[in-house]
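Participant: Below is a structure I'd like to ask you about.
The values are calculated or read from the model by the stated rules, or taken from the named source; none is laboratory data. This one's a predicted model, so the numbers in the text were calculated from it and none came from an experiment. Note that each Cβ is placed from the backbone with ideal geometry, even for glycine, and that neighbours are counted across all protein chains shown.
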């Protein structure tokens, strides 16, 4: 059984990119919230995340030969979000479903803020109660982060152009944390 009231958690996470927008990420978060009963809690989170994100793609065509080049850049991100969590059982080992949603601020030195924007992450996992006040949690989720990059094309007959492509950077995240 989980007591209702204020609870806090510290989590570390790491992820592997699922599409062209991101290669990998890792971070740490603090979540403060309120547990309403054995099954539902809501909270607010803030943290730090490093991600390796695509910011430049070029395509060059000349003399019947083509080449492409992708450039990735490290980004320092501050995610601020709301978390809703539903535990499926009040037992010592309790599976859960979770949803994070919020905004990520790019605080790096690069003026190209290509990973700043809205994000959401549905996840599932398990809470393991260690004692009356401490719970260890393991979770797996897919993080969807607003992202965009510049696309340059230089070609023989078509001239050249510069576009920006926008989409969702998808990352498979694994998180481990302690709730106390």
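Participant: Could you identify the single residue in 139, 102 that is under 17 Å from residue 44 (Cα atoms) and at pLDDT 95 or above?
Facilitator: On the way: 139 fails: under 17 Å from residue 44 (Cα atoms).
Result of the check over 139, 102: 102.
Participant: Can you name the condition, by its number, that residue 179 falls short on among (1) at pLDDT 85 or above; (2) within 17 Å of residue 14 (Cβ to Cβ); (3) buried (at least 18 other Cβ atoms within 10 Å of the Cβ)?
Facilitator: The number of the failed condition is (2).
Participant: Can you confirm whether the stretch 68-85 contains a residue that is exposed (fewer than 15 other Cβ atoms within 10 Å of the Cβ), farther than 23 Å from residue 135 by Cβ, modelled with pLDDT under 85 and within 16 Å of the chain's Cα centre (by Cα)?
Facilitator: Scanning the stretch 68-85 turns up at least one residue that is exposed (fewer than 15 other Cβ atoms within 10 Å of the Cβ), farther than 23 Å from residue 135 by Cβ, modelled with pLDDT under 85 and within 16 Å of the chain's Cα centre (by Cα).
Participant: Let me spell it out: the conditions are (1) modelled with pLDDT under 90; (2) surrounded by 13 or more Cβ atoms within 10 Å (Cβ to Cβ), and residue 40 meets all of them except one. Which number is the exception?
Facilitator: Result: residue 40 fails condition (1) only.
Participant: Moving on. Taking interchain pairs and intrachain pairs at least six residues apart, which have beta carbon atoms under 9 angstrom, with the first residue in the stretch 55-80 and outside any strand (DSSP E or B) and the second surrounded by 15 or more Cβ atoms within 10 Å (Cβ to Cβ) and modelled with pLDDT of 70 or more?
Facilitator: none
Participant: Another question, then. Of (1) in a strand (DSSP E or B); (2) within 17 Å of residue 180 (Cβ to Cβ), residue 3 satisfies all except one. Which?
Facilitator: It is condition (1) that residue 3 fails.
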